[in-house]
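Structure, as structure tokens:
The values are calculated or read from the model by the stated rules, or taken from the named source; none is laboratory data. From a predicted model like this one, the values you see are computed outputs, not experimental measurements. Note that we place each Cβ from the backbone using ideal geometry, even for glycine, and neighbour counts take in every protein chain shown.
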Amino acid sequence: MKVLGIFGSVKRPSRTARLVDAILEGIARGADVEIDRIDLVDAAPVLFRALRADQLDAAGRAIVDAVEAADVLVVGSPVYRASYTGALKHLFDLVDFRALQGRRVVLAATGGSPLHGLMLEHQFRPLFGFFGAVTIPTTIYAVEADFTEYTLSNPAVEARIERAIFELFDLSPAISRIDATTGAGDGVLRIVSGEIAAN
């Protein structure tokens with residue numbers, strides 16, 4: 001299983017990156033996975049050379065291909081202007097709208113106030129709903145006080161990470177493969193696993 005962490009911050013060091021890393025480390029402890037990371041500090045300048053997917057150079061195409069090929073995404077962003085970062089939005093503007101259907105996504109964010117955590121439900125989750133991805137019910141949000149020198153140190157946030165990882169693994173058998181096909185004038189979603197096949 002390919003797991004891709006995406007650091008949506010455009011600053012380094014980054015609490016967002018550390019939060020995403022903590023989630024990735026937890027996933028790696030619970031399953032045999034291949035983990036990779038995209039850090040927008042490095043990736044955003046490459047992606048901003050293209051306004052559309054057909055303008056991507058080889059380096060930009062490789063970044064987008066990594067997103068589209070992942071089985072699980074762990075996506076984190078600081079809260080900017082009541083939403084996720086523009087650099088992160090640009091990345092997903094370049095992803096094919098069919099590529100993430102049925103993929104599992106763990107959502108994480110950092111912000112300056114507990115109230116900023118509402119972004120996860122009102123901005124972040126709908127983004128992946130557009131792609132037809134399956135977002136894990138538990139989101140992970142952390143504020144500056146939850147870190148000690150960029151290291152996550154709040155047991156309550158760590159508990160949410162554990163809960164999200166449990167939900168991720170719990171969902172895995174039921175959504176091992178999702179095929180979407182379109183007939184003449186009708187849409188059919190087939191969820192296929194060892195025991196499920198629904199039209």
The condition from (1) surrounded by 14 or more Cβ atoms within 10 Å (Cβ to Cβ); (2) farther than 30 Å from Ile161 by Cβ that Arg49 misses is numbered (1)
Does the range 122-134 contain at least one residue that is surrounded by 19 or more Cβ atoms within 10 Å (Cβ to Cβ), closer than 13 Å to Tyr84 by Cβ and touching a Gly at 6+ places or on another chain (Cβ under 8 Å)?
-> no
All but one of (1) touching a residue at least 40 places away in the same chain (Cβ under 8 Å); (2) outside any helix (DSSP H, G or I) hold for Tyr141, so report the exception by its number.
-> (1)
Could you check the range 15-122 for helices (runs of 4 or more DSSP H) lying wholly inside it with 2 or more residues that are within 15 Å of the chain's Cα centre (by Cα) and aliphatic (A, V, I, L, M)?
-> 15-30, 58-69, 86-93
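Give the residue that is farthest from Ala43 (Cα to Cα), with candidates limited to residues of the range 96-111 that are touching a residue at least 40 places away in the same chain (Cβ under 8 Å) and surrounded by fewer than 20 Cβ atoms within 10 Å (Cβ to Cβ).
If we filter the range 96-111 for residues that are touching a residue at least 40 places away in the same chain (Cβ under 8 Å), which is where we start, we get 96, 98, 101-102, 104, 106, 108-110.
Pick out the ones that are also surrounded by fewer than 20 Cβ atoms within 10 Å (Cβ to Cβ) and you get 96, 98, 101-102.
Working: Asp96: 18, Arg98: 22, Gln101: 23, Gly102: 25 Å.
Taking the candidates together, the pick is Gly102.
When only residues in the range 144-162 that are of a type outside the set (Ser, Thr, Tyr) and assigned to a strand (DSSP E or B) count, which is surrounded by the fewest Cβ atoms within 10 Å (Cβ to Cβ)? Explain how you work it out, then say what you get.
Here is the first cut: in the range 144-162, the ones of a type outside the set (Ser, Thr, Tyr) are 144-147, 149, 152, 154-162.
Adding the requirement that they be assigned to a strand (DSSP E or B) leaves 147, 152.
Numbers: Phe147: 17, Leu152: 19.
Ranking the candidates gives Phe147 first.
Kindly check whether there is at least one residue in the range 129-146 that is of a type in the set (Gly, Ala, Ser), within 29 Å of Ile63 (Cβ to Cβ) and modelled with pLDDT under 95.
No, because not a single residue in the range 129-146 is of a type in the set (Gly, Ala, Ser), within 29 Å of Ile63 (Cβ to Cβ) and modelled with pLDDT under 95.
Within the range 123-138, how many residues turn out to be among the polar types (S, T, N, Q), closer than 21 Å to Ile165 by Cα and not in a strand (DSSP E or B)?
From the range 123-138, those among the polar types (S, T, N, Q) are 123, 135, 138; that's our starting set.
Of the ones still in play, those that are also closer than 21 Å to Ile165 by Cα are 135, 138.
Now narrow it down to the ones that are not in a strand (DSSP E or B): 138.
Residues flagged as among the polar types (S, T, N, Q), closer than 21 Å to Ile165 by Cα and not in a strand (DSSP E or B) within the range 123-138 amount to 1.
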What number of residues within the range 4-22 satisfy the criterion of being surrounded by fewer than 24 Cβ atoms within 10 Å (Cβ to Cβ), out of contact with any Lys or Arg (no Cβ under 9 Å at 6 or more places or on another chain) and either within 16 Å of Ala164 (Cα to Cα) or not β-branched (Val, Ile, Thr) (or both)?
-> 7
Pro155 fails exactly one of (1) out of contact with any strand residue (DSSP E or B) (no Cβ under 8 Å at 6 or more places or on another chain); (2) modelled with pLDDT under 95, namely (2)
If you go through the range 158-189 one residue at a time, how many are more than 23 Å from the chain's Cα centre (by Cα) and either at pLDDT 90 or above or closer than 21 Å to Gly102 by Cα (or both)?
-> 6
Which condition does Ala70 not pass, out of (1) touching a helix residue (DSSP H, G or I) at 6+ places or on another chain (Cβ under 9 Å); (2) surrounded by 15 or more Cβ atoms within 10 Å (Cβ to Cβ), if it passes all the others?
-> (1)
